[in-house]
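I have placed the structure first, in the form of structure tokens, so that the comments after it can refer back to it.
The values are calculated or read from the model by the stated rules, or taken from the named source; none is laboratory data. This one's a predicted model, so the numbers in the text were calculated from it and none came from an experiment. Here the Cβ positions follow ideal geometry from the backbone for every residue, glycine too, while neighbour counts run over all protein chains shown. Only protein heavy atoms, including side chains, enter the accessible area calculation; ligands, DNA and RNA are left aside. Shrake-Rupley method; radii C 1.70, N 1.55, O 1.52, S 1.80 Å.
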Amino acid sequence: MIKFSRRAAAAVSGGVIVATVFAASPAFAEGSWSSKLTGAAIGKQSRSWQDSHKDRVRTATTFAGCRISGNLNGFKSASVRLIDERGWLPDKSMGTKVNKCGRSDWGVMTRPDRYHWRIWALNGAPDESTLRLSVSTVRQAY
């Protein structure tokens, strides 16, 4: 009877340890967030996020439901620039992607840091102050 109790206790303890390890394991995707844009002008910045570089997930911004006001020709594209905030150092551009109401992919970031993106141009014009971008769904993966 004592041997059975010890085996049962060992099995329960082992199960608790295994459950704790799996519960503490990081998910494959480090993070993501969703939002929307309403009447965003050139220069509008996204919120910042921390990419701790614990996975191999690509940094990508997806727009859906895009509209432009201030232009009779409608939405054609939004140029989006990814910025590495770099702490005390000056911010660094990680490149600009032309988003045609779809996915802009910057690949896997090579270092842990805080990032955000900025609307750099609308319909190819970086200085058109009358244009405003609205996007019904913005999804950021990192």
Report task. Within region 100-142, track down each residue that is more than 14 Å from Ser46 (Cβ to Cβ) and in a strand (DSSP E or B). Result -> Arg103, Asp105, Gly107, Asp113, Ala121, Leu122, Ala125, Arg132, Ser134, Ser136
Report summary line: Scanning region 49-84 residue by residue, the ones that are touching a residue at least 40 places away in the same chain (Cβ under 8 Å), in a strand (DSSP E or B) and within 21 Å of His116 (Cβ to Cβ) total 13
Query raised in the report: Do we find that Gly39 is modelled with pLDDT of 95 or more, part of a strand (DSSP E or B) and more than 15 Å from the chain's Cα centre (by Cα) in this structure?
Result: yes
Query raised in the report: Tally time: how many residues in region 85-100 are among the aliphatic types (A, V, I, L, M) and either in contact with a Phe, Trp or Tyr (Cβ under 7 Å, 6 or more places away or on another chain) or in contact (Cβ under 8 Å) with a residue 12 or more places away in the chain (or both)?
Result: 2
Query raised in the report: Across region 54-107, which residue is surrounded by the most Cβ atoms within 10 Å (Cβ to Cβ) among those that are farther than 12 Å from Asn123 by Cβ and in contact with a Pro (Cβ under 9 Å, 6 or more places away or on another chain)?
Result: Asp55
Query raised in the report: Within region 108-133, how many residues are farther than 19 Å from Gln50 by Cβ and either among the basic types (Lys, Arg) or open to solvent by less than 20 Å² (accessible area, probe 1.4 Å) (or both)?
Result: 6
Query raised in the report: Looking at region 50-104, which of its residues are of a type in the set (Lys, Arg) and closer than 23 Å to Gly31 by Cα?
Result: Lys54, Arg56, Arg58, Arg81, Arg86, Lys92, Lys97, Arg103
